Amino acid sequence: MNEFEALAQAVIKGDIKTAVAETQRALDGGSEAKSILDKGLIAAMDEVGDRYSKGLIFVPQMLRSAKTMQECMKLLQPLFQEGDVTSKGKVLIGTVKGDLHDIGKNLVGMMMGGAGFDITDLGVDIPPEKFVQKIQELEPDIVCMSALLSTTMPSMSRTIEAMQKAGVRDKVKVMIGGAPVTEKYAREIKADSYASDAGSAVSKAKELLGAL
Ligand code: B12
């Protein structure tokens with residue numbers, strides 16, 4: 001039980017009105033946006049995942065919780081803006097082919113945007129060809145790929161292969177992440193970097209570009 005228990009319960013139930021009100025109440029009470037996110041919203045989504053695994057809830061409830069979390073994130077977004085917002089580099093981000101999960105990706109994009117990176121978000125279910133086409137068009141410094149399903153992780157590897165074939169692999173840094181993704185997997189598929197959460201994605205991105 002923590003101070004964000006009422007918020008977490010509202011997200012688990014998919015009660016948007018209560019969750020938004022609890023987020024606002026926590027902010028008004030002086031809680032930090034990062035704590036609300038980690039201990040309230042993300043903790044709730046972990047519990048939702050557990051309940052789904054145990055067969056206690058089904059996809060529509062997961063979706064409702066996701067929608068609830070997204071509404072709460074709208075209140076937190078402006079607070080992740082860092083003071084110095086001179087452009088740190090261009091980032092292309094997307095969830096790989098076959099995968100529709102976007103909350104984590106959006107969070108990574110939001111935090112990187114707040115830290116001064118220019119973000120182009122391609123959305124979800126992005127095939128390798130689309131990543132390649134956008135790299136050629138936008139010439140980003142970093143390409144970020146997200147996957148939440150063990151079945152879609154291989155799309156990351158296929159995207160890197162497609163980048164190699166198109167001759168653009170060496171022109172960008174590749175960072176990957178998502179719940180089932182690991183540092184080891186990143187090494188295996190020759191990505192340049194892996195981060196386990198949105199906060200470390202920002203510091204890893206700065207390291208990659210030597211912009212610390
Ligand atoms: C919400 C949710 C959904 C929603 C997604 C809505 C949306 N708009 O995203 C819906 C209902 C659509 C859904 C559908 C499905 N889901 Co789902 N879902 C979840 C759930 C409960 C939460 C995910 C989430 O948003 N977490 C909160 C965010 C903030 O965390 P995150 O995504 O992990 O992101 C953080 C890090 O991973 C990292 N990160 C993420 N991306 C990136 C990218 C980069 C570059 C970096 C550096 C870091 C990074 O930073 C983020 C912030 O800190 C998870 C359970 C879980 N605990 O993950 C299951 C889960 C991922 N789903 C699962 C499954 C099985 C499915 C379905 C196949 C169910 C079905 N039978 O239809 C479908 C697949 C649909 C598809 N083709 O994609 C399984 C996956 C099992 C596996 N390992 O393969 C999980 C783990 C549930 C479970 N325990 O079984 N799901």
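The values are calculated or read from the model by the stated rules, or taken from the named source; none is laboratory data. Everything numeric here is computed off the predicted structure, so don't read it as measured data. Accessible surface is based on the protein model in full, side chains and every heavy atom, while ligands, DNA and RNA are left aside. Shrake-Rupley method; radii C 1.70, N 1.55, O 1.52, S 1.80 Å.
As a fraction of the 1.4 Å probe accessible area of the chain, surface on carbon and sulfur atoms comes out at 52 percent.
Each principal axis of segment 154-212 carries a Cα extent, and these read 31, 27, 14 Å when sorted largest first.
The slack between Glu5 and Asp50, meaning 0.36 nm per residue of separation minus the straight C-alpha distance, is 14.5 nm. The order of Tyr194, Tyr52 by accessible area, most exposed first and with a 1.4 Å probe, is Tyr52, Tyr194. Which lysines does Lys190 reach when only Cα atoms under 22 Å apart count, and residues fewer than 8 places away in its own chain are ignored? Partners found: Lys90, Lys97, Lys105, Lys130, Lys134, Lys165, Lys171, Lys173, Lys204, Lys206. Once backbone amide H atoms are built at 1.01 Å from N, Val124 has Thr95 as its partners under 5 Å, excluding neighbours fewer than 5 places away on the same chain. For segment 90-210, the calculated P(r), taken from all Cα-Cα distances in 10 Å bins from zero up to the bin holding the longest distance, is 15, 55, 30, 0 percent.
Counting only helical runs of four or more DSSP H residues, what would the 222 nm mean residue ellipticity of the chain come to if each run contributes -39,500 (n - 2.57) and the total is spread over all its residues?
On the way: 9 runs with 103 residues, N = 212.
That calculation yields -15000 deg cm²/dmol at 222 nm.
Across the chain, Cα-Cα pairs farther apart than 30 Å form 24% of the total. Ranking of Arg158, Arg51 by solvent-accessible surface, largest first: Arg158, Arg51 (1.4 Å probe, protein heavy atoms only, all chains present).
Global size of segment 2-79: 11.7, 37 Å for Rg and Dmax (C-alpha atoms, Rg to one decimal, Dmax whole). Close amide H contacts of Val174 (hydrogens built in the peptide plane, cut-off under 5 Å, sequence separation of 5 or more or a different chain): Val143, Asp192, Ser193. Using the 1.4 Å probe convention, the accessible area of segment 59-212 works out to 48 Å² per residue with neighbouring protein chains retained. Once C-alpha pairs closer than 8 Å and six or more residues apart are averaged by separation and normalised to the residue number of segment 90-210, the relative contact order reads 28 percent.
A 1.4 Å probe, protein heavy atoms only, puts the accessible area of Leu208 near 40 Å². When Thr68, Thr120 are compared by accessible surface with a 1.4 Å probe, the order from highest to lowest is Thr120, Thr68.
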